[in-house]
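What follows is a single structure, written as structure tokens, with notes after it.
Read-outs: derived from the displayed coordinates by stated rules, not from any lab. Keep in mind that this is a model prediction, so the values were computed, not measured. Positions of Cβ are generated from backbone atoms using ideal geometry, with glycine treated the same way; all protein chains shown enter the neighbour counts.
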Amino acid sequence: MSAVIPIQSAAAIGCQTAPVLVERGQREVFCGLTGIIWLHRKIQDAFFLVVGSRTCAHLIQSAAGVMIFAEPRFGTAIIDERDLAGLADANEELDRVVQQLLARRPDIKLLFLVGSCPSEVIKLDLSRAAERLSRQYLPDVRVLNYSGSGIETTFTQGEDACLASLLPVLPRSQATAPGAAPAQLLIVGTLADVVEDQMRKLLNDMGIAQVAFFPPRKSRAMPQVGPDTVYLLAQPFLADTARGLDAMGARRLGAPFPLGSEGTTLWLQAAAQAFGVPQARFEEVTAAPRARAEQSLGRHRTALTGKRIFFFPDSQLEIPLARFVQRELGMDLCEVGTPYLHRQHMEPELALLPTNTRLSEGQDVEKQLDRCRQDQPDLVVCGLGLANPLEAEGMSTKWAIELVFTPIQGYEQAGDLANLFSRPLARKLKLVA
Ligand code: SF4
């Protein structure tokens, strides 16, 4: 079992000050509608109504799959030619669609109107529509809006926009006395229910009793937020949400993200320190799951140590994943691309990366492909659009989106996370054999 690395001492090393290759060219990423796929599973009484085109409808239908046994919790209000030509009143049409939906689905308590490229093009004001519809349907149904448009966004930003839209309706908690310990810990970012349960148990066992998760499973169980709240980001793509929470008086705990054994330990340790959990108690609670995580990682280390990996910018998970594969699986980093580099949120991660890591922010896809071909990595993490051409060139790839859909956070999932990297290499070996 490896020792716990104090966050402060780790901050003195790494590639925090390394130069970053910034590129602003053609990008190959999904749009923010993609977030609906995991958000609709999380908030069980919410419905996501995309106001968009048939293309938008196809995207979420094919990405989320068709639900056969359950009523879906997402749909698309199609903007057709009449709307685009200004021949129909889009607001009237939208009101009619919402009325039909809510009459048929009394289980919906929270309705998101999700903007798209077409709704932005016709300048449909969804925030006014949401206000109007909320006035009409509250207290039974709250209506909010956010944009999932592909114009200048990357796919995980859909979750950020969704959570940020919820902030104004969160109940406010009381201020604490100056110097008093925080009253509650808020975990921010969608986690699979199984991961959430594991994290809650570990934190409760340490003695941190007030732990809330955002987004919650039920829209009527929104967490209180205020100056008595400290929060930990569970996902690295929540810049706007974090800014909003800061403005409400909550305090972010800086930590690496809970990926792998080390990442999970440091993430939990940030909470333990904020709540004054004695180190002995922390060790006692985390020892067994850490040992299990270490053991499960060992099985993949043999296959992955010394293998070279290239990350294209896609999910914003790239930097924490690079830290995990390099430090816990012994992989060598060719390039770590990220769509956006949020220096504050990434500081503890950057401190753990090797000083010579080639970091890139944004994308100029042709130039990046050239660098990748020159590097000839053993494994490429990239979007779906790049995976097939690279496979055709003989490279092994891992779809970045799979790393967002799969529960990968926490000790018990460390082995599953490692498996996502070792599986494509094992498959290639089988094909070659
Ligand atoms: S929001 Fe834009 S990028 Fe996304 S599916 Fe619709 S049209 Fe395409």
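Taking a ≥ b ≥ c as the square roots of the eigenvalues of the Cα gyration tensor, the chain is oblate, since a/c reaches 1.5 or more and a/b is not larger than b/c. Database remark: amide H of CYS15 closer than 5 angstrom to the amide H of ALA351, LEU352, LEU353 (H placed geometrically; neighbours at sequence offset of 5 or more, or on other chains; Pro and chain starts carry no H).
How many angstrom separate the Cα center of region 234-285 from the Cα center of region 92-113? Cα centroid of region 234-285 versus Cα centroid of region 92-113: 37 Å apart. Near the amide H of ARG252, within less than 5 Å, lie the amide hydrogens of TYR231, all on another chain or at least 5 residues away, with H placed in the peptide plane.
Of all complete DSSP H helices in the chain, those with a Cα span along the helix axis of 24 Å or greater and a mean Kyte-Doolittle hydropathy of -0.5 or more are 414-432.
Extension gain, ARG243-VAL194: 0.36 nm per intervening residue step, less the Cα-Cα distance, totals 14.9 nm. A straight chain from TYR340 to ALA426 at 0.36 nm per residue would run longer than the Cα-Cα distance by 27.8 nm.
I'd like to compare 119-126, 33-40: which one has the highest average count of other Cβ atoms within 10 Å, and what's the full order after that?
With the highest mean Cβ count within 10 Å placed first, the list reads 33-40, 119-126.
Note on ARG172 and ARG104: the model spin-label points, each 7 Å out from Cα along the C-beta direction, lie 4.0 nm apart.
So which GluC sites (Glu not before Pro) in region 372-426 end up in coil per DSSP with only 16 or fewer other C-beta atoms within 10 Å?
GLU393
Peptides 215-228, 345-358 ranked from most to least packed give 345-358, 215-228, packing being the mean of other C-beta atoms within 10 angstrom over each peptide's residues. Each of ILE151 and GLN376 was given a label point 7 Å from its Cα along the Cα-to-Cβ line. The distance between the two points is 4.5 nm. In summary, the aspartates and glutamates within cross-link reach of LYS398, defined as a Cα separation below 13 angstrom excluding same-chain residues under 8 places away, comprise ASP314, GLU318, ASP378.
Amide H to amide H distances under 5 Å link ASP378 with ARG308, ILE309, where only residues 5 or more positions off or on other chains count and H is placed in the peptide plane. For region 138-214, GluC sites (Glu not before Pro) are listed when DSSP marks them as loop and at most 15 other Cβ atoms sit within 10 Å of their Cβ; the list is GLU152. Our analysis of region 151-209 gives Rg over Rh at 1.07, with the two radii drawn from alpha carbon positions and Rh computed by the Kirkwood formula. Panel values: region 141-278, Kirkwood radius from alpha carbon pairs, Stokes-Einstein at 4 °C and 1.567 mPa s, translational diffusion coefficient 83 µm²/s.
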